[in-house]
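Q: Sharing a structure below in structure tokens format, with a few things to ask.
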Amino acid sequence: MNIVFLNTLEKEAGDHRVTSAQVSIGEEQGIWNVYWNEPDSAGIIQQDQWYQGVSWDEMLSAFRQGLRDKVRSGYRPLVSTDLESAQGLSGKARITQMLTYYCEENPSEEVYETLRAWRREQAAREGKAPYILATNRVLRMISVFLPQSKEELQQIPGFGEQKTTMYAADVLNLTAEFTRSNGFPLDWVAKSVDTVKFEAWLHAQKEQKLRTELDREVSKRKLLEIVAGGGSLADLQAVLTMPRRELLLWVEDLEREGYDMDPLVEAELASIPEEEQIKAWNAFESEGDRYLKPVLQRIIGTEELKGKELDRAYEWLRLLRLRFRREKERFASQAAS
């Protein structure tokens, strides 16, 4: 069984003693299980199954009810999680969430789409992913609050001084074309938001975040199993139903976390001629491994790749780069010792 959530809780047992227990959520072949493990009076761990089944909503309901009962009996979690009440946010984080909620309730689609088009074109010019310039949430806030100066733009959470310096002129040219009904500072937002509805929205956001994290953990376990078994990117895509580029980014993250991705690298590079791999390796050494475009240009010269050929070239270069970086780290470690 894959354990996708685990937390320890403690309660006072008298005479300066503490009783520790654990609650866990596990998944196996699509079946969810929720367990509570608590020692009895003799110190022997007793396991109580709170839920077993395929329904996410029923599992989460059983988990929450069981946890509430244990908290009422005196247990307190050692690690605070998003499974707890939505009332936990305070200060700047709460204000940011409130601004996000207000923008979702009062969207300005025309401005938002205009900003998205700008972001897409600007990202293409810089060769960056669009979200690096600004996330969807930030664009939503800009589209609704319509800042008209650099000072106002910097009051948008997530659009700090550096991005203001780089993009303020473009963004402000776009927002100046639209009329706003409220100004800055944005302290008026808190007064205009229905607190009850906001708390319900906040609670739903936290549940969705938890669900995403649990689903990702399940997918991670499946990915690691497929990779360990010598599976390919096609195998991963068939099971996880994710875009290949997204899978590759995840594989890179897992490699950085210390997981062994070499079986996947072997499987994918098996179809790439050795002389091409040697050229790419030499290009990594001369051009560096931060960007793939210069490496690809060194390999193909004046040849122009498009479509699937270009995508495939970047795929195997990403995977070869994992091996290159690992070797570079190994040599650096040996040199240091």
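Q: Is there any pair with a first residue in region 156-176 that is touching a residue at least 60 places away in the same chain (Cβ under 8 Å) and among the aliphatic types (A, V, I, L, M) and a second that is buried (at least 17 other Cβ atoms within 10 Å of the Cβ) and part of a loop (DSSP other than H, G, I, E, B) whose Cβ atoms are under 9 Å apart and which are 6 or more apart or on different chains, and what are they?
A: If the second residue must be buried (at least 17 other Cβ atoms within 10 Å of the Cβ) and part of a loop (DSSP other than H, G, I, E, B), no pairs are left.
Q: Only one residue in Gln87, Gln97 is modelled with pLDDT of 85 or more and of a type outside the set (A, V, I, L, M, F, W, C), so which one is that?
A: Among Gln87, Gln97, only Gln97 is modelled with pLDDT of 85 or more and of a type outside the set (A, V, I, L, M, F, W, C).
Q: Looking at region 34-76, which of its residues are within 15 Å of Asn7 (Cβ to Cβ) and under 25 Å from the mean Cα position of the chain (by Cα)?
A: Val34, Leu60, Phe63, Arg64
Q: Further question on the same structure: Need pairs with beta-carbon distance below 9 Å; first residue assigned to a strand (DSSP E or B) and within region 43-63, second surrounded by fewer than 10 Cβ atoms within 10 Å (Cβ to Cβ) and not hydroxyl-bearing (Ser, Thr, Tyr); sequence gap 6+ or separate chains.
A: Gln46/Asp40
Q: If you scan region 207-222, which residues turn out to be open to solvent by less than 70 Å² (accessible area, probe 1.4 Å) and out of contact with any helix residue (DSSP H, G or I) (no Cβ under 6 Å at 6 or more places or on another chain)? Please lay out each step first, then the result.
A: If we filter region 207-222 for residues that are open to solvent by less than 70 Å² (accessible area, probe 1.4 Å), which is where we start, we get 207, 210, 214-215, 217-220.
Those that are open to solvent by less than 70 Å² (accessible area, probe 1.4 Å) and out of contact with any helix residue (DSSP H, G or I) (no Cβ under 6 Å at 6 or more places or on another chain): Glu207, Leu210, Leu214, Asp215, Glu217, Val218, Lys220.
Q: Still on this structure, I have one more. Kindly indicate whether any position in region 251-260 is closer than 23 Å to Gly127 by Cβ and more than 24 Å from the chain's Cα centre (by Cα).
A: no
Q: In addition: Sort out for me the helices (runs of 4 or more DSSP H) sitting completely within region 247-330 that have 3 or more residues that are among the small types (Gly, Ala, Ser).
A: Those helices (runs of 4 or more DSSP H) span 274-287.
Q: Sort out which residues of region 288-320 are surrounded by fewer than 16 Cβ atoms within 10 Å (Cβ to Cβ) and acidic (Asp, Glu), and write them in order of number.
A: Those that are surrounded by fewer than 16 Cβ atoms within 10 Å (Cβ to Cβ) and acidic (Asp, Glu): Glu303, Glu304, Glu309, Asp311.
Q: Could I ask something else about it? Please go through region 47-60 and give me each residue that is among the small types (Gly, Ala, Ser) and closer than 16 Å to Tyr35 by Cβ, ordered by number.
A: Selection gives Gly53 alone.
Q: OK, next. Given the conditions (1) at pLDDT below 90; (2) surrounded by 13 or more Cβ atoms within 10 Å (Cβ to Cβ); (3) not polar (S, T, N, Q), which single one is not true for Glu38?
A: (1)
Conditions tested, residue by residue: (1) of a type outside the set (Gly, Ala, Ser); (2) under 30 Å from Phe324 (Cα atoms); (3) in contact with a strand residue (DSSP E or B) (Cβ under 6 Å, 6 or more places away or on another chain); (4) free of Cβ contacts under 8 Å to residues at least 24 places away in the same chain.
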residue: Ser181; (1), (2), (3), (4): no, no, no, yes
residue: Phe184; (1), (2), (3), (4): yes, no, no, no
residue: His203; (1), (2), (3), (4): yes, no, no, no
residue: Thr212; (1), (2), (3), (4): yes, no, no, yes
residue: Leu254; (1), (2), (3), (4): yes, yes, no, no
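Q: So which residues in region 195-219 are modelled with pLDDT under 90 and basic (Lys, Arg)?
A: Lys206, Lys209, Arg211, Arg216
The values are calculated or read from the model by the stated rules, or taken from the named source; none is laboratory data. The structure displayed is predicted, hence computed values, not measured ones. So basically every Cβ, Gly included, is an ideal-geometry build from the backbone, and we count neighbours across all protein chains shown. Side chains included, ligands, DNA and RNA excluded: accessible areas come from the protein's heavy atoms. Shrake-Rupley method; radii C 1.70, N 1.55, O 1.52, S 1.80 Å.
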